[in-house]
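What follows is a single structure, written as structure tokens, with notes after it.
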Amino acid sequence: MTGENVNDTTGDMLRVEDLSVEFRTANGVTRVVDSIDFAVPRGGALGIVGESGSGKSMTSLAIMGLLPKGGTATGSIRFDGKDLLSERESAMRRIRGDRIAMIFQDPLSSLNPYYTVGVQIAEAYRSHRSGVSARAAKKVAVEAMDRVHIHDAARRADHYPHQFSGGMRQRIMIAMALSMEPDLIIADEPTTALDVTVQAQILALLAEIRRDTGAGLILITHDLAVVSEVADRIVVMRGGHLVEKGSVEDVFSDPQHEYTRRLLDAVPRIDDEIGELRTTAIPVVAEEEKR
């Protein structure tokens with residue numbers, strides 16, 4: 001976004017250029033993300049798709065500045081004109097949660113079993129809003145829970161994580177993210193392990209939030225059907241490489257890469273014959289393709 005007016009509401013909120021992520025191990029340096037590029041416009045929704053180990057979650061952790069120990073990111077991640085890779089950790093702590101919020105895959109492991117959900121949402125809010133009283137933060141927590149359609153939010157805010165279903169716990173994680181009114185939400189496999197009915201509810205909720213708040217969205221998933229429900233644009237990753245990107249409509253109707261075509265062929269279709277089993281083998285990434 002160099003030379004671009006960062007306050008221009010028609011510009012890109014997030015621009016990732018030549019991003020690579022490497023880990024130093026006992027056997028040498030391993031590159032898990034290799035020189036990828038994409039952008040998220042203000043209010044836009046991007047789906048990052050790929051099989052396990054493709055590098056999609058590492059990409060999101062690099063954006064958040066949360067790479068595991070031993071991991072380093074190079075390239076450029078510009079958010080509202082600021083290169084996040086050059087920011088100090090103190091600055092990243094202010095950005096994380098406040099301006100960029102993340103919804104993790106497993107809400108049960110992300111929530112503390114010893115505290116009520118209302119206390120946890122309020123604590124996250126107060127960590128970014130100095131001087132806010134516990135009572136005011138609790139009010140924000142209840143409002144956020146109500147916003148994600150948790151019935152009787154004032155009472156349920158005093159419940160513990162184990163007293164909620166998996167879908168409701170995921171709504172609580174979304175409520176925690178929403179309480180900060182972020183500009184960008186990163187949702188990492190938010191519907192994994194949920195049944196199809198609850199999955200549809202969570203996807204509808206994410207679409208509703210994006211529409212009502214104007215927040216941008218990055219949806220990380222292995223499920224192409226999920227992307228088609230929520231995203232405008234799509235990035236397909238394999239073996240740490242970006243193999244295809246474009247609008248959801250273009251990629252779904254005319255995929256250019258063989259891997260994308262195989263992923264689409266693996267999606268169950270409504271016109272399949274009853275009892276028909278379609279299998280699509282996706283070869284292991286060759287070593288020369290990784291380089």
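Screening the candidates Gly55, Gly97, Gly50 for the property of being within 27 Å of Pro161 (Cβ to Cβ) and touching a His at 6+ places or on another chain (Cβ under 9 Å) yields one hit, Gly97. If we keep just the residues of the range 152-192 that are hydrophobic (A, V, I, L, M, F, W, C) and under 14 Å from the mean Cα position of the chain (by Cα), which is farthest from Ser54 (Cα to Cα)? Of everything passing the filter in the range 152-192, Leu178 is farthest from Ser54 (Cα to Cα). A Cβ distance below 6 Å, combined with a sequence gap of six or more or placement on separate chains, defines the contacts here; from the range 195-212, residues that are closer than 22 Å to Leu184 by Cβ and in contact (Cβ under 8 Å) with a residue 24 or more places away in the chain reach residues that are surrounded by 15 or more Cβ atoms within 10 Å (Cβ to Cβ) and acidic (Asp, Glu) in the pairs Leu203/Glu229.
Do you know which of the residues in the range 74-89 that are hydrophobic (A, V, I, L, M, F, W, C) and in a helix (DSSP H, G or I) is surrounded by the fewest Cβ atoms within 10 Å (Cβ to Cβ)?
The first filter runs over the range 74-89 and keeps only residues hydrophobic (A, V, I, L, M, F, W, C), leaving 77, 79, 84-85.
Filter again for in a helix (DSSP H, G or I), leaving 84-85.
Details: Leu84: 22, Leu85: 17.
Only one residue fits best here, namely Leu85.
Of the residues that make up the range 175-190, is at least one among the polar types (S, T, N, Q) and under 15 Å from Val230 (Cβ atoms)?
If we filter the range 175-190 for residues that are among the polar types (S, T, N, Q), which is where we start, we get 179.
This time we only want the ones that are under 15 Å from Val230 (Cβ atoms), so: none.
No, the range 175-190 contains no residue that is among the polar types (S, T, N, Q) and under 15 Å from Val230 (Cβ atoms).
Considering only residues in the range 31-49 that are buried (at least 20 other Cβ atoms within 10 Å of the Cβ), under 15 Å from the mean Cα position of the chain (by Cα) and aliphatic (A, V, I, L, M), the one that is nearest to Leu85 (Cα to Cα) turns out to be Val40. Checking every residue in the range 10-30 against the condition of being aromatic (Phe, Trp, Tyr) and farther than 19 Å from Ala187 by Cβ gives at least one match. The residues of the range 55-84 that are under 15 Å from the mean Cα position of the chain (by Cα) and polar (S, T, N, Q), listed by number, are Ser57, Thr59, Ser60. Of everything in the range 16-30 that is over 26 Å from the mean Cα position of the chain (by Cα) and assigned to a strand (DSSP E or B), the residue that is surrounded by the fewest Cβ atoms within 10 Å (Cβ to Cβ) is Gly28.
Each value in this text was obtained by applying a stated rule to the coordinates, not by laboratory testing. Computed from a predicted model, the values in this text were never measured in an experiment. Neighbour counts are summed over all protein chains in view; Cβ atoms, including those assigned to glycine, are modelled from backbone coordinates with ideal geometry.
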